[in-house]
Amino acid sequence: QPAEDEVKSLPGVFNPQLSSRQYSGYLSASNTIKLHYWFVESERDPVNDPLVLWMNGGPGCSSLDGYLSELGPYLINPDGTTLTPNPNSWSKVANVIFLEAPAGVGFSYSDDQNYTTSDNETAKNNYLALLDFFAKFPNMAKKPFFITGESYGGVYVPTLSVKVMANASINFQGFAIGNGLLDSVMNTNTAVYYAYYHAIIGEDVWAKLQQYCCKDGKCNFAAPPNQQCQDLVITVQNTMMGIGINPYDVTGDCAGGVPGHSSLQKQNTFLKHFFEPSFLKALKNPKGNGSVSFDSN
Amino acid sequence: NVIPCIDAGPQTQYLNTAEVRLALHIPDNVSKWAICSGVVGANYKRQYQTMKDLFNMLLPKHRALIYNGDADMMCNFLGDQKFVASLQQKELGPRRPWIHAKQIAGFVHEYDQITFMTVKNAGHMVPSFTPGAALQMITNFLNNKP
């Protein structure tokens, strides 16, 4: 293990002894790209437990959020200065790597500061970084290895897995994806059903959707067949994403309360990767004439 | 650099303190940490509209778990459930509930090489919303248990 990368202590952790050994540093990818990793050895049996790579989504969001608010050994407290041990950390059962990718995300960077990238380029750089990880941690190289992630990780995980699969020296076992983007047409079409089934749109809009977007029991919200359907889809999208419902947790609160319109506009940076273009016209043109009267408001 | 309705203030504050950057060996010339990069998001070129071909390459040799917090609308469970079904892997049994801490924790549908699970009342970030159930789920997957 690279001694220079070992995390000796973490500010905000009251027990001076960390729950297991941790390392933080950089992995080399192609050219000038350096990807930041934070590696946590298993708290149970680092020698015999498997190795898990975790990637948050975005595209462009940091896996350190995965460490500090999801599955890491310590979770951030609301004060922003202290950490609490996580009794349900995945490091209870596995050695876990949190990788910040692509370059430009979190602490990862490129010397040339070119942060334009794509799915395939990201997969290539993640793969090269992974090879560098195994070079730094040869004791991890033969372990059962799993690639996991969330959200846009639905793209990151399979694209990286295909590259890893081709390398027989890696003991790749499988992959797991949470709330992943796996098919944007399916994600768009089912979002409308989801909104109806969760009382986010009412019977009046649903009836019109059935009338204008569906034929012989098949509905096409992702590619509206006519202008009436397109207008209805815009109404649905605006209700789902543009009025302050937390799209990540429809039964929970929206942190900070219902946001203003200008902040909702900024969502488009990420939403464009999750839904078909027809579904996002309301955000692009919020005052356009595409909105349908919405009686159930 | 903001995710709607998500408060990333505490982790942003923590990761941008000098002591934490020092502990994590972050060089001084590296920019401040943010939960998401608007620059990366805006300039990112998406190349795959569906992962179906890649799953078909992977599943013969490797196993997969697809899980969805059922309160998430960004990547809703219906879409991923439909995606997994579209792979047409052999079903190993009927959709059934799964249990954590003596409660229904969601529903699971097992196929050859791939499992689809819902996690009840969890949002997009499942390990945040239902940490105990999430740990049980990943532990079983790593150990190749139902």
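Quick note: the coordinates plus some simple rules give every number you see, no bench work behind them. Keep in mind the model is a prediction, meaning the values are calculated, not measured. Here the Cβ is made from the backbone with ideal geometry for all residues, glycine too, and neighbour counts use every protein chain on show.
A few notes on this one:
- Calculated from backbone phi, Karplus (6.51, -1.76, 1.60) coupling profile of region A:103-111 in Hz, x at Gly/Pro: 4, x, 8, x, 8, 7, 8, 10, 4
- Peptide B:89-102 is shielded by partner chain Cβ atoms: per residue, an average of 0 of them sit within 10 Å of its Cβ.
- With the highest mean first, a sort of the peptides A:124-130, A:213-219, B:22-28 on other beta-carbon atoms found within 10 angstrom per residue produces A:124-130, B:22-28, A:213-219.
- Note, ³J(HN,Hα) from phi for region B:114-125, Karplus 6.51, -1.76, 1.60, rounded to Hz, x at Gly and Pro: 9, 10, 10, 10, 9, 10, 5, 6, 9, x, 4, 9
- Close amide H pairs (under 5 Å, H built 1.01 Å from N) link B:N68 with A:N179, B:M117, B:T118, B:V119, residues at least 5 positions away or on another chain.
- Between helix B:77-86 and chain B: long-axis angle, C-alpha atoms, 0 to 90°, nearest 10: 50
- Distant-in-sequence amide contacts of B:K45, defined by a placed amide H-H separation under 5 Å and a gap of 5 or more residues or a different chain, comprise A:T117, A:S118, A:D119.
- Here B:K52 is the anchor, and the lysines within straight C-alpha reach of less than 22 Å, apart from those fewer than 8 places off in the same chain, are A:K124, A:K163, A:K218, A:K272, B:K61, B:K82, B:K90.
- When +1 charges are put on Lys and Arg Cβ atoms and -1 charges on Asp and Glu Cβ atoms, the dipole computed for the protein assembly as shown relative to its Cα centre reaches about 740 debye.
- Net length gained if the chain between A:N220 and A:E4 were fully extended (0.36 nm per residue, minus Cα distance): 72.3 nm
- Residues with amide H under 5 Å from that of B:Y111, placed H, sequence gap 5 or more: B:L92, B:F116
- Long pairs among A:K136/B:K32; A:K136/B:K120; A:K136/B:K145; A:K34/A:K142; A:K92/A:K136, criterion Cα-Cα beyond 28 Å: A:K136/B:K120; A:K136/B:K145
- Per-residue HN-Hα couplings for region A:174-181 [Karplus 6.51, -1.76, 1.60; θ = phi - 60°; Hz; x = Gly/Pro]: x, 9, 9, 9, x, 6, x, 7
- Within 10 Å of the Cβ of each residue in A:161-170, the mean number of Cβ atoms contributed by other protein chains is 2.
- For residues of A:190-197, the mean tally of beta carbons on other chains within 10 Å: 4
- Residues A:N167 and B:N121, FRET efficiency given R0 of 35 Å [Cβ-Cβ distance, rounded to 0.05]: 0.35
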